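Below: the structure, in structure tokens.
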Amino acid sequence: MKTPVSCLLFLALGTLMSGCATSNVREVPLDRAAATTQLEPQDVRRTVEKMVESLLVAPGVKEFVANRRPVLDIEPMKNRSTQHIDMISITDSVRMQLLRAGLFRFVDRSSAGTVGTDIARIDQENTLGLVDASKAVKAGQQTALDMYLTGTLSEIKNVSGRTVDQYYKFSMILKDLKTGEIVWADEKEIRKASTRPVFGM
Amino acid sequence: MKFLKHLALSAAFAAGLIGLTGCADTAGTVVKTDTLTGATLIHEDNTRLARRVDVTGVNYDTVNGLKRVHISLASTRHARVRVDYRICWFDVNGMEIDGDTKPYRSLILEGRDAVTVTGVANSAAGVSSKLRIREASQSE
């Protein structure tokens with residue numbers, strides 16, 4: 001009688017201990033549940049996807065993409081929130097997804113230093129004398145821009161007692177460079193709340 | 001002796017419970033839509049989720065050369081139901097197109113409410129879609 005009870009106890013303890021075993025590092029899904037009220041990777045991923053989907057099916061875009069692939073440039077999004085967020089990375093994600101959709105062509109003039117780099121490279125090719133002059137790229141042949149995309153991130157934070165209520169809004173607009181008209185605009189709102197426990201940090 | 005036996009049984013029960021919660025069911029509901037054949041397949045792998053959320057309709061159209069799917073979901077509960085969903089796209093050969101760019105989105109269904117979720121294909125090559133719904137509590 002003593003042996004089965006001991007065995008059962010040992011088994012139970014073993015199961016409990018293995019259930020509580022944790023490793024410090026593990027790979028987690030990209031889209032996990034919210035852990036903080038800060039802007040998290042899954043928020044950025046959802047925002048980029050929503051904005052790209054909205055732009056691709058916008059009625060205003062239809063006339064531009066009907067018979068051709070307009071040339072687009074995307075300005076780095078502006079961060080008007082109090083958090084340090086890599087807006088260049090978000091801008092890159094939007095551009096990457098739009099490029100993959102195949103409806104637009106892109107130039108990269110808005111990114112810092114790109115224009116200067118292009119000019120410097122063309123100049124270097126032509127002046128060093130290393131390349132065949134007939135094959136060297138001449139300045140003034142780059143594709144002209146049709147439209148440009150820009151956006152902002154803003155934030156409202158409310159603290160009431162132990163509760164923090166955080167609101168984020170991503171806004172983006174697509175402008176026709178020729179007419180100055182706004183072809184498409186959309187926004188994505190995110191609201192998160194957390195309550196600090198009575199005890200502990 | 002009797003006390004020890006009870007203690008052992010209680011410990012075994014507790015361990016079993018912990019073991020069960022550790023192995024949470026991450027399966028969900030899958031809705032496959034093929035815009036070429038018009039076929040829709042609903043596959044329910046999580047009975048608890050299937051009892052809470054019904055798939056009530058599937059529609060698709062084409063906008064700016066890209067396929068778009070609309071799937072209507074209805075809550076059967078009076079309480080709020082939180083789920084995550086993602087819609088990924090496949091080309092004519094059944095190959096997934098840029099799956100990483102289609103994240104799980106959160107969806108809050110109010111009591112007895114119905115909502116329509118929409119997904120747009122990543123490119124003109126996308127012809128069939130797969131909606132996957134999972135319980136929000138199962139995302140780490």
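What to note about this one:
- Taking N as its residue count, the alpha carbon Rg of chain A over 2.2 N^0.38 Å: 1.60
- Once the Cα atoms are used to define both axes, helix A:87-101 deviates from the longest principal axis of chain A by about 70 degrees.
- Inverse mean reciprocal Cα-Cα distance (Kirkwood Rh) of region B:25-138, Å: 14.3 Å
- Sorted peptide list for A:96-107, B:122-133, A:152-163, criterion being average Cβ within 10 angstrom, highest first: B:122-133, A:96-107, A:152-163
- Cα centre as origin, Lys/Arg/Asp/Glu Cβ charges: chain A dipole, Debye: 620 debye
- In the protein assembly as shown, the alpha-carbon atoms span a convex hull of 250 Å³ per residue.
- What the phi angles of region B:122-135 give under the Karplus curve with 6.51, -1.76 and 1.60, with θ = phi - 60°, is a coupling list of 5, 8, 5, 6, x, 10, 10, 10, 9, 8, 10, 10, 9, 5 Hz, glycine and proline written as x.
- When the C-alpha to C-alpha distance is required to be over 18 Å, the pairs from A:Lys62/A:Lys175; A:Lys62/B:Lys130; A:Lys78/A:Lys178 that qualify are A:Lys62/B:Lys130; A:Lys78/A:Lys178.
- Average Cα contact separation per residue, region B:27-114, under 8 Å, 6 or more apart, as relative contact order %: 23 percent
- For A:Arg109, residues with placed amide H under 5 Å, excluding near neighbours: A:Ile74
- Mean residue ellipticity, 222 nm, helices only, chain A: the sum of -39500 (n - 2.57) across DSSP H runs of n ≥ 4, divided by residue count and rounded to 500, is -11500 deg cm²/dmol.
- Rounded to the nearest 20 debye, dipole of region A:82-126 from Cβ charges on Lys, Arg, Asp, Glu: 240 debye
Values quoted throughout were computed directly from the atomic coordinates according to the rules given, and no laboratory measurement underlies them. Keep in mind that what you see is a predicted model, and the values were worked out from it rather than measured. So basically every Cβ, Gly included, is an ideal-geometry build from the backbone, and we count neighbours across all protein chains shown.
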